[in-house]
Amino acid sequence: AVTRTFSIIKPDATRRNLTGGVTKMLEEAGLRVVASKRIHMTREQAEGFYAVHKERPFFQDLVAFMISGPVVVQVLEGEDAVSRNREVMGATNPENAAEGTIRKTYAESIEANSVHGSDSEENAATEIAFFFKPEEIVG
Ligand code: CMP
């Protein structure tokens, strides 16, 4: 089924002018960008977005990294969008990411790993609603 997922192009990628490069790989994977905006997250936004990770040892570093520069938040639409996006992103740690994936191609480290993507349809809906109003999404 055609579904939606949520994506973030992270500060390491925007800093290296890779918004287009990442987006091209998403599009070539069969995903369509149906909403997109470049924002600089506040600490409160980053902490709220990653609240599920707040007990993890890397939480404070993760938040600091995500507010270290602009990001591009996107809604992606396509056939099985969540799994398709996870495939093209590759493993969280770029050392484990397959050839041809976004993280293998662009990521610098497990933290500066260039992209975030929702891990389930349920989380996709929550994450999309965190950053976008329904009328900002144009399918
Ligand atoms: P993301 O999909 O954005 O969700 C949480 C992020 O935490 C993850 O991608 C990683 O970039 C980041 N992170 C940093 N350190 C770790 C770690 N040790 N294990 C898992 N995720 C980590």
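Data table
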| item | result |
| --- | --- |
| Prolate/oblate/rounded label for region 55-139 (Cα gyration tensor, a/c 1.5) | oblate |
| Inter-part distance where region 113-139 and region 41-74 are each reduced to a Cα centre, Å | 15 Å |
| Rounded to the nearest 20 debye, dipole of the chain from Cβ charges on Lys, Arg, Asp, Glu | 420 debye |
| Low-density loop cleavage sites - GluC sites (Glu not before Pro) in region 45-139, where at most 10 other Cβ are within 10 Å (DSSP) | 55, 99 |
| Local electrostatic count at residue 98 - Lys and Arg +1, Asp and Glu -1, tallied over other residues with Cβ under 11 Å | 0 |
| Summed residue charge, Cβ within 10 Å of residue 2's Cβ, Lys/Arg positive, Asp/Glu negative | -1 |
| Structure-based [θ]222 nm, the chain - -39500 (n - 2.57) summed over DSSP H runs of at least 4, per residue, nearest 500 | -10500 deg cm²/dmol |
| For the chain, with +1 on Lys and Arg beta carbons and -1 on Asp and Glu, the positive-most of 82, 34, 18 along the dipole | 18 |
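Read-outs: derived from the displayed coordinates by stated rules, not from any lab. Keep in mind that what you see is a predicted model, and the values were worked out from it rather than measured. Note that we place each Cβ from the backbone using ideal geometry, even for glycine, and neighbour counts take in every protein chain shown.
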